[in-house]
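The structure appears right after this line, and notes come after that.
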Amino acid sequence: MIRSLLLASCALGISAIPANARTLDPANAADALEIVKRTQCGIGDKPAVMHWSGKIYSRVQGEPDRHLFDGEGMNIRRCVPVSDPKRGEGFRMVSREVMVFTDPKTGEIIREWTNPWTDETVEVMHIANDPVNQRPNFPLDAEGKPKPPMKLKRMGEWVLMPLEVPLFYTNPLAGAYQDYVGNKYHAMEIFDFADRADTLLDTRYPTAYPTVSWVRISDWMPWMKMRGRQGQLVFNAMGAKLKSYDDLSKLLKDEIAANYPEYSAAPPLDDQRPNETTWTVFKKRIDEERAARETETFLSEGQH
């Protein structure tokens, strides 16, 4: 055990074990926040990189599920300390993320896809959301009271952290009457983190490197042009927090360098931009294409 700790300390660049090292208590609000920070963030304001890969299926009533794509993605983030007179000392995370859709047979990134329901060939718009920031996290609520104990499960030497995120909000691609006729964005994201208790809860380690499983049940991707067909996508992926950006796969690093160079670094710590989603990014893209066509038509007609 001592030898393992010494090796880990050297690998992390720790010259000495902190004198105030202790075991974090998830029932304590401040410690619970520190556990979340160790799970999500890097060391200090250094970036942390989450990496995942998995499969993407269709689910349509009355037909077997189809394995449509594989997928591989990353999120690069930094955390900045924030302070509130009532809620205490917390942190805010800024991040951006990329996920590419790949061919299940070849492993290559898909640029065009033939929709098996419509036989239409469409351009694939990979997920590239910038930013994906989080609201500030504090140990206390708005009334200054400690938050409820976090959901941690112990299984032997492992700590499990399940997190379900139900999503139901106005779809930027739909109209102004969604409360009456539907079309709201409806999804569920499930994140299940796991790490060894002796590293996650021990403050002798400056951060943790958990594994994560990610399940997402969502509407069709807008670029699929499903035209309101019944059905959903099911994403199932696994991954981990990496030691550095260099640990990403060659496929992702090459794609980011070629098409998303800004995604090799996290957003600035003072980033206040509104978050992007696949739906907001797709709307901007369609609006820009339509505006360009209208301009081209106007110029063409003006020449006659």
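The values are calculated or read from the model by the stated rules, or taken from the named source; none is laboratory data. Here the structure is a predicted model, which is why all the values come from computation and not from measurement. As a convention, Cβ positions derive from the backbone with ideal geometry for all residues, glycine included, and neighbour counts pool all protein chains shown. When the accessible area is computed, the model is the full protein with side chains, heavy atoms only, and any ligands, DNA or RNA have been set aside. Shrake-Rupley method; radii C 1.70, N 1.55, O 1.52, S 1.80 Å.
Give me the residue from region 163-179 that is closer than 14 Å to Thr280 by Cβ and touching a residue at least 12 places away in the same chain (Cβ under 8 Å) and, out of that set, surrounded by the most Cβ atoms within 10 Å (Cβ to Cβ).
My answer is Asn171.
Quick one: how many residues across region 87-138 are of a type in the set (Phe, Trp, Tyr), in a loop (DSSP other than H, G, I, E, B) and within 17 Å of Ser58 (Cβ to Cβ)?
1
Matching residues to (1) among the acidic types (Asp, Glu); (2) surrounded by 18 or more Cβ atoms within 10 Å (Cβ to Cβ); (3) more than 14 Å from the chain's Cα centre (by Cα):
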| residue | (1), (2), (3) |
| --- | --- |
| Arg66 | no, no, yes |
| Glu120 | yes, no, yes |
| Met125 | no, no, yes |
| Asp130 | yes, yes, no |
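One line per residue, one yes/no per condition, for (1) modelled with pLDDT of 95 or more; (2) surrounded by 14 or more Cβ atoms within 10 Å (Cβ to Cβ); (3) within 22 Å of Thr102 (Cα to Cα):
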position	(1), (2), (3)
Asp198	no, yes, no
Thr207	yes, yes, no
Ser213	yes, yes, yes
Met226	yes, yes, yes
Gly231	yes, yes, yes
Gly239	yes, yes, yes
Ser300	no, no, no
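What residue, among those in region 258-277 that are within 16 Å of the chain's Cα centre (by Cα) and not in a loop (DSSP other than H, G, I, E, B), is nearest to Ser95 (Cα to Cα)?
Top of the filtered list is Tyr263.
Please find, within region 139-151, the residue that is least open to solvent (accessible area, probe 1.4 Å) out of those that are in contact with a helix residue (DSSP H, G or I) (Cβ under 7 Å, 6 or more places away or on another chain) and part of a loop (DSSP other than H, G, I, E, B).
Pro139
Take Glu72 and decide whether it is of a type outside the set (Ser, Thr, Tyr), open to solvent by less than 60 Å² (accessible area, probe 1.4 Å), at pLDDT 95 or above and not in a strand (DSSP E or B).
Answer is no for this residue.
What single numbered condition from (1) touching a helix residue (DSSP H, G or I) at 6+ places or on another chain (Cβ under 9 Å); (2) within 30 Å of Glu34 (Cβ to Cβ) fails to hold for Asn115?
The number of the failed condition is (2).
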